1. Among the residues of segment 90-102, how many are assigned to a loop (DSSP other than H, G, I, E, B) and in contact with a strand residue (DSSP E or B) (Cβ under 6 Å, 6 or more places away or on another chain)?
2. Could you name every one of the strands (runs of 3 or more DSSP E) located completely within segment 286-344 that has at least 3 residues being surrounded by fewer than 19 Cβ atoms within 10 Å (Cβ to Cβ)?
3. Within segment 276-285, which residues are crowded, with 24+ Cβ neighbours inside 10 Å and within 14 Å of residue 243 (Cα to Cα)?
4. Within segment 48-67, can you find the residues that are under 10 Å from residue 110 (Cβ atoms) and either outside the structural domain of residue 126 (by TED's automatic domain parsing) or not in a loop (DSSP other than H, G, I, E, B) (or both)?
5. Does residue 178 meet the test of being outside any strand (DSSP E or B) and under 14 Å from residue 77 (Cα atoms)?
6. Evaluate the following for residue 128: is it modelled with pLDDT of 95 or more, farther than 14 Å from residue 100 by Cβ and in the same structural domain as residue 186 (by TED's automatic domain parsing)?
7. Among the residues of segment 345-375 satisfying the criterion of being in a loop (DSSP other than H, G, I, E, B) and buried (at least 24 other Cβ atoms within 10 Å of the Cβ), which is modelled with the lowest pLDDT?
8. What do you reckon, is residue 138 modelled with pLDDT of 95 or more, part of a loop (DSSP other than H, G, I, E, B) and within 21 Å of residue 214 (Cα to Cα)?
């Protein structure tokens, strides 16, 4: 009897050890990530060429961007991407209506193009429609839309090439949102500018700022993140502070009360990193634990619910997290083993899985490898049920199917025999599976309940 092997990709949390894979991630409606070999990968929404893949198509699975292996950093904006190479050059791709690519034009680019000729760029931040970067000499540069004065040049004029913000040479980090920006200097002072209608600049006013304005007199700031209408920042003592809109608990202070000045938001005082984009925040503590809070309609908090959280909640029990990225309605986190996890909405494949799965409310491992599935003969149509399944999966439509070969996200295969048109999946961890059914693309299978 001829045997047909059906391949599926298992996307679940695994305890199997593996070599380092991912080293950084940044996202919006599209996701950009770097591997340990300094190659660049992308998935999700592709409009305007924002992923640099030469087209505007959506990508369901992780896709390598070109062949270069000299990328150093990447930052994904709403519709464009900035990237640094190891030689210090700056590159951009995607939407350019506001001049966000910085190449002197307003024409979109579907592939990465170099921004100017400078090779001394140190840090990058792609905002909504604005771009910012810091050079090795500590100077701060910006370009793109200047609505609300977000470029910080004292005007509201757009720029399609990088322009220096003031003359200071001691900028350490910068973070930009849709309307405002935050930056920290080497002396520990924090500065804010742009939209301040919700108090996001933290100076206890609602006045728009067209140039960097110091936030109070404190000189002990070490990390900052600008979100839409909200700002979060960490001091050198590990305390977490926030200001701005708080309608869904995005400040993490246990309330939904807005504020126009920075307040100490939680008693936890060993914060290392913080990230906020839209209405939810994420944080890492010095002990490697992962925390999240705020808006949770799409499961972006990651605690297995869709209930808003007004205070930080620990996600899982792992204590080996090293990097985080809160995006539009998603969260991503990288651990010390080089494993990348994502959760939240998936309506444009932000999680590198089929959009038949609309949301994921707990961290899901994102494969280090592009999904490779074998197609069954075109004259066969398969159906799998029940779906979700708690263990028994019935296969209908291929009478000669004897085995189901499942490949986990680490590339390791296991086989399940098909007996009387059913497969026993009881021994597998709960998770998401894909089967490439003849002519119909991936079919999503959910294993739920052991």
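The values are calculated or read from the model by the stated rules, or taken from the named source; none is laboratory data. This structure is a prediction, so every number in the text was calculated from the model and none was measured. Using ideal geometry, Cβ is built from the backbone for each residue, glycine included, and neighbour counts are taken over all protein chains shown.
1. Keep residues of segment 90-102 that are assigned to a loop (DSSP other than H, G, I, E, B), which gives 95-102.
Remaining after also requiring in contact with a strand residue (DSSP E or B) (Cβ under 6 Å, 6 or more places away or on another chain): 95, 98-102.
Number of matching residues: 6.
2. So the answer is 309-314.
3. 276, 277, 279, 280, 281
4. Result: 48, 49.
5. yes
6. no
7. 353
8. Criteria met by residue 138.
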